[in-house]
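The structure appears below as structure tokens.
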Amino acid sequence: MKGSIKQPHKSISLGAEGKGSAGGSPDTGYGTTIYRKYVLGALLTVYFFNFIDRTIINILTEPIKQAFGVEDWQMGLLGGPAFAVLYTFIGIPIARFSEKNHRVWIIAGSVALWSLMTVLCGFATSFVALFIFRIGVSIGEAGCSPPANSIIADYFIPAKRSTAVSTYALGIPLGSMVAYAFGGYIVSSLNGAAVAAILSSWGWIWAANALDWQNIEGWRIAFVVVGLPGIIVAMIFKNTVKEPPRGYTDPPEMQGKEPVSFAEVLKILAKKPSYWHITMGVTIASFVNYGVGQFFVSFLIRTHEISIFDASIKFAMVLAVMAAIGTFMSGYLADRYSKRYPKALALIPMVALLSSTPMFIIGYLLDSLLVAIPILMVGTMLLYTFLCPLYAVPSGVVDSRMRATSVAVTLFIVNLLGYGLGPPIIGALSTILNSTFLTGIDPSLTLEACRATGLSVAAQTACNTANAEGLQWSMIIFKCLYIWAALHFYLGSRTLQRDMGR
């Protein structure tokens, strides 16, 4: 590294991590243009399966609740803390490990682990077993985003990084879409008997006779079907994606510096106020999203009295296309207008969150889905502009020696508070409001009484009404928190340009 500063990257591109030059340059990014697009597509595919396996639990809330005889607050624990706690605490050690080790290997191993754990969820014999397997999914998924964002920063120059990060973040809405649409189809259309018949038609008689298919519910099959492909993805990713030289697109003065301790990373982040405000904005928005997302299909089933398949498809419609547009749009616009409007990365989600809040409230209150769905689609497109800053800011306020750690610290906060608390709190709020509304309708009824069989028509109607309204108003209350998140994006915008060194 003591040679001319005009060629600081030359020795790096031939180092152990890079395994020889793959084309490109520090001014354009590592690898050829086509290969960079392939790598970004591969990372998007990984994140796509990440969110399929993470989100599938949301579609299966009602059948799992019935299978194990639990309440909303317990399903909130399954959807939140069961995943979030170890996911957040393990993410930082994995990120520190990936700062010095082969990131492609780490990602591939993580995909294989969480996919296997998702399959095992389908074999859970109790609520506790399912809880434990969900923890296993979280451990695997903790090894995805920190090294992935570190790799993106080496493949793509800063001027194109927000767009690349937004493309990667498309895995969230697209993976959720497939989870809802495909999961809803499986639960509604497939059961053990149907699977046995399919296996027999393929000539796999041994497989059809291997299990007691008649007693296997559709939600179990859904876990297995969405989990298995991830193992194949892990193998393809490992064998086709090259580990880039660390810091390949960083300025020459950053090359050859010693690794940074975790304490030093926190010290550097502490001096970046925009990082903390935007992290809080993202955390609040995620708190709302994860909480509402856990129960949105249940909301459609209870309030609009539609099937789980129809509810899943409508959720996919609301979430997928418009959320994907919003996610990509925020990064694209931030890159395009960053020179003219340096604060765009923070101000775009601020305006979008404020605009989407009344749309969600109106959409949840309307009786007609034909009117509500288009409103919710626009609100969702605006909402998902917050995902680009989730990765672009933590990667942009530090250099290559600490990017994975910076992203991991961000995800630690976002997931511990957002994912860990969102679902159980909205589940608890729904249970409380359910009980309150039930008492107002018929003081003689209780939540326990509503679970009993043989209720009169009037009593069952009262239980159903309170159950629907409790969840509906819980979701409306949660959506109002977007105003708080928008405030933090505004505060973060004031020092964003300075903190990112632009």
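Students sometimes get this wrong: rank 340, 451, 220 by accessible area, probe 1.4 Å, all chains present, largest first.
Numbers: 340 165, 451 130, 220 40 Å².
Highest to lowest solvent-accessible surface, that is 340, 451, 220.
Can you list residues whose amide H is under 5 Å from residue 30's amide H, if they're 5+ apart or on another chain and H is modeled 1.01 Å from N?
Under 5 Å from the amide H of residue 30: 155, 156.
Output the pairs from 37/339; 272/339; 271/314 with a Cα-Cα distance over 32 Å in this structure; if there are none, say none.
On the way: 37/339 24 Å; 272/339 20 Å; 271/314 44 Å.
Pairs exceeding the cut-off: 271/314.
Tell me what the chain gives for mean residue ellipticity at 222 nm when only DSSP H runs of n ≥ 4 count, each as -39,500 (n - 2.57), the sum divided by the residue total, rounded to 500 deg cm²/dmol. Write down the numbers at each step before the final one.
Details: 25 runs with 371 residues, N = 502.
The helix-only estimate for the chain comes to -24000 deg cm²/dmol at 222 nm.
Using a 1.4 angstrom probe on the protein heavy atoms only, line up 105, 219 by accessible area, largest first. Could the numbers behind the result be given before it?
Working: 105 150, 219 5 Å².
My answer, sorted largest first, is 105, 219.
What angle, in degrees between 0 and 90 and rounded to the nearest 10, separates the Cα long axis of helix 420-441 from the longest principal axis of the Cα atoms of the chain?
Around 20 degrees separate the two axes.
Rolling a 1.4 angstrom probe over the protein chains, ignoring ligands and nucleic acids, what is the accessible area of residue 296 in square angstrom, nearest 10?
Accessible area, nearest 10 Å²: 10 Å².
How are the Cα pair distances of segment 393-502 distributed, in percent, across 10 Å bins from 0?
Spelled out per bin, shortest first, that is 13, 27, 22, 16, 12, 9, 2.
Would you list 411, 354 from the most to the least accessible area, probe 1.4 Å?
On the way: 411 15, 354 80 Å².
So the residues, ranked largest to smallest area, are 354, 411.
Gap in Å between the Cα centre of segment 350-395 and the Cα centre of segment 274-339?
7
Residue 421: accessible area at probe 1.4 Å, nearest 10 Å²?
Approximately 80 Å² of residue 421 is accessible to the 1.4 Å probe.
Rounded if a/c is under 1.5, else prolate if a/b beats b/c, else oblate: with a ≥ b ≥ c from the C-alpha gyration tensor eigenvalues square-rooted, which is segment 72-205?
Numbers: a/c = 2.08, a/b = 1.64, b/c = 1.26.
Judged from the Cα gyration tensor, segment 72-205 comes out prolate (a/c at least 1.5, a/b above b/c).
Any idea what angle helix 218-240 forms with the longest principal axis of the chain, computed on alpha-carbon atoms, 0 to 90 degrees, nearest 10?
Compared with the principal axis, the helix lies near 10 degrees.
Along the Cα→Cβ direction, 7 angstrom out, place labels at residue 198 and residue 235. What is the inter-label distance in nm?
2.1
Determine ³J(HN,Hα), in whole Hz, for all residues of segment 141-146 in sequence, where each value follows from phi through the Karplus function 6.51 cos²θ - 1.76 cosθ + 1.60 and θ = phi - 60°; x replaces Gly and Pro.
The phi angles translate into 5, 5, x, 9, 5, x Hz.
Between beta-carbons, use under 12 Å as the cut-off and find the net charge around residue 467, counting Lys and Arg +1, Asp and Glu -1. Don't skip to the answer; put the middle values down first.
Numbers: positive: 65, 302, 451; negative: 62, 71, 72, 305, 469.
Taking every Cβ under 12 Å from that of residue 467, the sum is -2.
Output the 0 to 90 degree angle, nearest 10, between the alpha-carbon long axis of helix 457-479 and the longest principal axis computed from the alpha carbons of the chain.
Roughly 20 degrees between the two axes.
Please compute the modelled spin-label separation between residue 378 and residue 101, points set 7 Å along Cα→Cβ, answer in nm with one decimal.
So the label points at residue 101 and residue 378 sit 5.0 nm apart.
Over all directions, average the projected area of the Cα convex hull of segment 332-457 and note it in nm². Intermediate values should be presented prior to the final figure.
Working: hull surface 47.9 nm².
Taking the Cα atoms of segment 332-457, their convex hull projects to 12.0 nm² on average.
Quick one: Karplus J couplings for segment 42-58, per residue in order, coefficients 6.51, -1.76, 1.60, θ = phi - 60°, nearest Hz, x for Gly and Pro?
Karplus values, whole Hz, x for Gly and Pro: 5, 5, 4, 4, 4, 5, 4, 6, 4, 7, 4, 5, 6, 8, 4, 4, 5.
Compute the whole-percent fraction of alpha carbon pairs in segment 412-458 spaced more than 11 Å apart. Present the calculation step by step, with values, prior to reporting the outcome.
Details: 783 of 1081 pairs.
Result for the distance tail: 72 percent.
Mind checking the full-extension length gain between residue 451 and residue 188? Use 0.36 nm per residue of separation minus the Cα-Cα distance, one decimal, nm. Can you show the working numbers first?
Values: separation 263, 0.36 × 263 = 94.68 nm, distance 2.27 nm.
Between residue 451 and residue 188, full extension yields 92.4 nm more.
Full extension from residue 464 to residue 339: what is 0.36 nm times the residue separation minus their Cα-Cα distance, to one decimal in nm? It would help to have the intermediate numbers written out before the result.
Numbers: separation 125, 0.36 × 125 = 45.00 nm, distance 5.44 nm.
Gain on extension, residue 464 to residue 339, equals 39.6 nm.
The values are calculated or read from the model by the stated rules, or taken from the named source; none is laboratory data. None of these values were measured; they are calculated from a predicted model. Ideal geometry is used to build each Cβ from the backbone, glycine not excepted, and the neighbour counts take in all protein chains shown. Keep in mind that these areas ignore ligands, DNA and RNA; they rest on the heavy atoms of the full protein, side chains included. Shrake-Rupley method; radii C 1.70, N 1.55, O 1.52, S 1.80 Å.
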